[in-house]
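A.B. asks: This is the structure I want to talk about, given as structure tokens.
The values are calculated or read from the model by the stated rules, or taken from the named source; none is laboratory data. All values derive from a computational prediction rather than experimental measurement. As a convention, Cβ positions derive from the backbone with ideal geometry for all residues, glycine included, and neighbour counts pool all protein chains shown. Accessible surface areas use protein heavy atoms only, side chains included; no ligands, DNA or RNA. Shrake-Rupley method; radii C 1.70, N 1.55, O 1.52, S 1.80 Å.
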Amino acid sequence: MAIPLPKLPPSLNPLSHPSPPPPKQALPSLFTTLTSPHPILRTLRTTNASKSYLPSAAKDDSLSSIITELEVEQEAEEEEDLFRSPLRRLDDDRLADRWREIHGSDDWAGLLDPMDPLLRSELIRYGEFAQACYDAFDYDPFSRYCGSCKYNRRKFFASLGMDSSGYEITRYLFATSNINLSNFFTKTQGSKTWSQKANWIGYIAVSDDDATARLGRRDIVIAWRGTVTRLEWVADLMDFLRPAASEGIPCSDPEVKVESGFLDLYTDKDPTCRFCKYSARQQVLTEVRRLVEQCTKAGETVSITVTGHSLGSALAMLSAYDIAETGLDVGVDGEKVAITVFSFSGPRVGNGRFKERFESLGVKALRVVNVHDTVPKVPGILVNEHVPAFVRKFAEGLPWSYSHVGVELALDHKRSPFLKDTGDPSCSHNLEAHLHLLDGYHGSGVRFYLASKRDPALVNKACDFLKDHLMVPPFWRQDENKGMIRAHDGRWVQPERQKLDDHPPDMHHHLRRLGLDKDH
């Protein structure tokens, strides 16, 4: 029951109604009175406002009337609480002190249930780096730049309204289409295109000086693009495992195996293509080597944080493992560099031996999943980490035996009062929905409320998942006029874009130092 407050005039009462209010109308809470309500919360209140007007037969002082009014008041306050932030603000100084713990030094023991506020904040922050890959990607088949990034890397974060990210992109990542994961690639319908063979699949960024001071170390972020709503790529998974060493990853154990499509996407290249004449693997390893050397020579503490969603999560796992296996997680001072994967809605990547090797190298992985999402359940539906140990041991050599790595944080979209029941599997897979669920998750059995007031409208950016009465249109994010502009002669045309960076001029030098130039 709310604490009684002085009666407010109708103009200040968010539950006021054009018709005369009934007797004993419930008052809003102090939080509602002193703050401007969020637009979606305002809609929630409007929807429930009619519940506060009782039938004429109930307009008396009976116990039934009092109970009904109290229920209405409690419901309104619960809706307000959905947007209520914790009273204690997250302190940047605490992050500088606790970043190793937040990045899994103790495998997140005691941080997930109940949910540690600082960990939640960091998970959302890194999830937004992965989301930026979607927001910047050109999916339009009528664009001659389809399959590329819409923005120059020097203006990437500013173009997405992420000026305060505190990071600078040092490298864009490209991959070539391959037969095993053809549904992952997007191509223009026209003959004139920026590239016939390549797709932009992510970026590498490094924290600037101010962010480094707040974070307590120089942070290198590798963000991989996945899929927004389409799940056709799942059908491409052939349940075919290949040794990691078969594509040059320096693993001495031939039984460490990964899904063949992921391995191809990571290691394939096309010498005839300007953007993918080097594989994604070569692009990542050379840039990580350069940045780690540069930062550790300056005496800085360094972390490598890899993030991705969906198929991008698989690339995040594979690249983090490769960085450690190749020995790039050691600075010039001999100090070990922490490698952490923050994965969202990712599939299984390799077999049980891959899991063992991944974790023995000291790579930490926290996987955020929605329990209703199908993607984290593949491949390896029959034989996986959930079957008894003796079955796993017996089936280890089979081509359909897979295992997740790291620690899982399981969320449930049915806990959110903002989301509707839908038969569309892409909704439960959506990254913005995962970030929404993270913001409202506080532990098992704890009521859902938004800790940081992250706007729920973002959920419908590329799907139709919010309840209809919230009045947020589905698939609302799009370029103005779908990227068309009016030219000087009055015709509508696609504007020219700035030249995309491909590869630095000293790329071959770094490849030679790593011994990766032998097949180039």
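A.B. asks: For a quick check of your reading of the model, give me the residue pairs whose first member lies in the range 366-379 and is without any contact (Cβ under 8 Å) to a residue 40 or more places away in the chain, whose second is among the hydroxyl-bearing types (S, T, Y), with beta-carbon atoms closer than 9 Å and at least 6 apart or on different chains.
C.D. replies: P376/S313; P376/S345
A.B. asks: Would you please name the residue that is farthest from T212 (Cα to Cα), looking only at residues in the range 126-158 that are at pLDDT below 95 and polar (S, T, N, Q)?
C.D. replies: S143
A.B. asks: Right, another one. For residues that are free of Cβ contacts under 8 Å to residues at least 24 places away in the same chain and hydrophobic (A, V, I, L, M, F, W, C), tally how many sit in the range 117-136.
C.D. replies: Count: 1.
A.B. asks: Filter the range 350-365 for residues that are out of contact with any Lys or Arg (no Cβ under 9 Å at 6 or more places or on another chain), touching a residue at least 60 places away in the same chain (Cβ under 8 Å) and either open to solvent by less than 10 Å² (accessible area, probe 1.4 Å) or among the hydroxyl-bearing types (S, T, Y) (or both) and give the result.
C.D. replies: A365
A.B. asks: Could I ask something else about it? Considering each of A487, A433 in turn, give the residue that is farther than 30 Å from L285 by Cβ and out of contact with any helix residue (DSSP H, G or I) (no Cβ under 7 Å at 6 or more places or on another chain).
C.D. replies: From the options A487, A433, the qualifying one is A487.
A.B. asks: Turning to a different aspect of this structure: State all residues of the range 467-514 that are touching a residue at least 12 places away in the same chain (Cβ under 8 Å), under 30 Å from L419 (Cα atoms) and not in a loop (DSSP other than H, G, I, E, B); if no residue qualifies, say none.
C.D. replies: D468, H469, L470, K482
A.B. asks: Evaluate the following for D506: is it surrounded by 14 or more Cβ atoms within 10 Å (Cβ to Cβ) and of a type outside the set (A, V, I, L, M, F, W, C)?
C.D. replies: No: the conditions fail for D506.
A.B. asks: Further, regarding this structure: Taking the range 366-377 only, how many residues are open to solvent by 60 Å² or more (accessible area, probe 1.4 Å), part of a loop (DSSP other than H, G, I, E, B) and of a type outside the set (A, V, I, L, M, F, W, C)?
C.D. replies: Qualifying residue count, the range 366-377: 2.
A.B. asks: Being polar (S, T, N, Q) and in contact with a helix residue (DSSP H, G or I) (Cβ under 6 Å, 6 or more places away or on another chain) narrows it down to one residue among T307, T301; which is it?
C.D. replies: T307
A.B. asks: Would you check if R242 is modelled with pLDDT of 95 or more and basic (K, R)?
C.D. replies: No; evaluated as a whole, the condition is false for this residue.
A.B. asks: Also, I was wondering about something else. Keeping to the range 159-180, report how many residues are open to solvent by less than 40 Å² (accessible area, probe 1.4 Å), under 19 Å from D209 (Cβ atoms), assigned to a helix (DSSP H, G or I) and not hydroxyl-bearing (S, T, Y).
C.D. replies: Residues meeting the conditions: 0.
A.B. asks: Can you tell me how many residues within the range 197-251 are open to solvent by 10 Å² or more (accessible area, probe 1.4 Å), under 29 Å from K461 (Cα atoms) and in contact (Cβ under 8 Å) with a residue 60 or more places away in the chain?
C.D. replies: Of the residues in that region, 8 qualify.
A.B. asks: Restricting attention to the range 273-313, which residues are of a type in the set (A, V, I, L, M) and in contact with an Asp or Glu (Cβ under 9 Å, 6 or more places away or on another chain)?
C.D. replies: Answer for the range 273-313, where residues must be of a type in the set (A, V, I, L, M) and in contact with an Asp or Glu (Cβ under 9 Å, 6 or more places away or on another chain): A280, V284, L285, V288, V292, V302, I304.
A.B. asks: Here is a further query. Going by the structure shown, is D464 touching a strand residue (DSSP E or B) at 6+ places or on another chain (Cβ under 9 Å), assigned to a loop (DSSP other than H, G, I, E, B) and open to solvent by less than 100 Å² (accessible area, probe 1.4 Å)? Break it down into steps so the answer makes sense when it comes.
C.D. replies: On the way: touching a strand residue (DSSP E or B) at 6+ places or on another chain (Cβ under 9 Å): no; assigned to a loop (DSSP other than H, G, I, E, B): yes; open to solvent by less than 100 Å² (accessible area, probe 1.4 Å): yes.
Against the criterion (touching a strand residue (DSSP E or B) at 6+ places or on another chain (Cβ under 9 Å), assigned to a loop (DSSP other than H, G, I, E, B) and open to solvent by less than 100 Å² (accessible area, probe 1.4 Å)), D464 does not qualify.
A.B. asks: Continuing with this model, one more query. So which of D517, D439 is in a loop (DSSP other than H, G, I, E, B) and either in contact with a helix residue (DSSP H, G or I) (Cβ under 8 Å, 6 or more places away or on another chain) or of a type in the set (A, V, I, L, M) (or both)?
C.D. replies: Values: D439 fails: in a loop (DSSP other than H, G, I, E, B).
Selected residue: D517, the only one of D517, D439 that is in a loop (DSSP other than H, G, I, E, B) and either in contact with a helix residue (DSSP H, G or I) (Cβ under 8 Å, 6 or more places away or on another chain) or of a type in the set (A, V, I, L, M) (or both).
A.B. asks: Has the range 140-153 got any residue that is surrounded by fewer than 20 Cβ atoms within 10 Å (Cβ to Cβ), of a type in the set (D, E) and not in a loop (DSSP other than H, G, I, E, B)?
C.D. replies: No, the range 140-153 contains no residue that is surrounded by fewer than 20 Cβ atoms within 10 Å (Cβ to Cβ), of a type in the set (D, E) and not in a loop (DSSP other than H, G, I, E, B).
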